[in-house]
Amino acid sequence: MTRGLIAACLIISFPSFNTVAQSNPINEYQLKAAFIYNFTRFINWPPDSFFNPEDPFVIGVLGNERLSAYLNLLVKGEKLNDRAIIVRSYKNIKDVEACHILFIADEWASKIKNKIPVINHQSTLTVSDAPNFAEMGGIIGFYKEKNKLRLEVNINEAKSSELIFSSKLLSVSNIYSTN
C-alpha cells in the first residue's frame, strides 16, 4: 500500500468525517482534527492510563479553539474500546488536566518546551503544528511538505511514553530519533 493510500485511509476511515468532507471543502483544521481522531485507531495506550473502566478517552486541545470545534464534531457519539471520546479545550497550560492526546498550538509549544517530555511520560500523546515539535520532545509534529500535511514521529519519546504505534501509522510518518 502506498504512503498516499495509507494516509487517505487514516483520514477517511470513519463515517463522521465523510459527512463533513462531502458538505464543505476540507480546511487545514479539519484535516488535523481527522488525523488526531484517527490516532486513536493507530496507537494503543497502556491500561494504566485509565483510572477506572468507565473513564472516557480524553483529547485535550491547548490554544486552538477552531481545532477543538472540529474535533468535537468528529468525536460526537464515538467510542474507543467502549469508552466515550471527549474533547476538552484549554486556554492556559495551568488548566490542562490528564488527557490521552494533547494538541499543543504552535504559540504554546515554545512557551512550554521544557514541560513537553514530562507530559509525554504520563502516557499522553503530544501533538503540535509547531515547527520542529519532535526536536522539542513532542511525539507527533504536523508539518507541510509540497503543500501536503505530513507527520513527524519522535520515536524515542513515543517509546518512553509507553504508547504503541501501529506500523501503518509509522509507515506514513517521518521518523525522528535522537540516536
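The values are calculated or read from the model by the stated rules, or taken from the named source; none is laboratory data. This structure is a prediction, so every number in the text was calculated from the model and none was measured. Here the Cβ positions follow ideal geometry from the backbone for every residue, glycine too, while neighbour counts run over all protein chains shown. Quick note on the areas: whole protein, heavy atoms, side chains included, nothing else; ligands and nucleic acids left out. Shrake-Rupley method; radii C 1.70, N 1.55, O 1.52, S 1.80 Å.
Some observations on this one:
- GluC sites (Glu not before Pro) within the stretch 78-176: DSSP coil, no more than 11 neighbouring Cβ in 10 Å: Glu97
- Choice from Leu149, Leu125, Leu62 with maximal GNM fluctuation in the chain (Cα, 10 Å cutoff): Leu149
- Ordered by 1.4 Å accessible area with all protein chains kept, Lys148, Lys32 run largest first as Lys148, Lys32.
- Note that the chain presents 52 Å² accessible area per residue, ligands and nucleic acids not counted, probe 1.4 Å.
- Of the solvent-accessible surface of the chain, computed with a 1.4 Å probe and all protein chains present, 51% belongs to carbon and sulfur.
- Axial C-alpha extent at least 20 Å, average Kyte-Doolittle at least -1.0 - helices from the chain (DSSP): 28-42
- Ranking Val96, Val58 by solvent-accessible area of protein heavy atoms (1.4 Å probe, all protein chains present), from largest to smallest, gives Val96, Val58.
- Calculated P(r) tail over 28 Å for the stretch 13-166, as whole % of Cα pairs: 13 percent
- If R0 equals 22 Å, the separation of the Cβ atoms of Glu78 and Lys159 corresponds to a calculated FRET efficiency of about 0.20.
- Arg66-Ser171 pseudo-label distance in nm [points 7 Å out on the Cα-to-Cβ vector]: 3.3 nm
- The heavy atoms of Ser161 offer some 0 square angstrom of accessible surface to a 1.4 angstrom probe.
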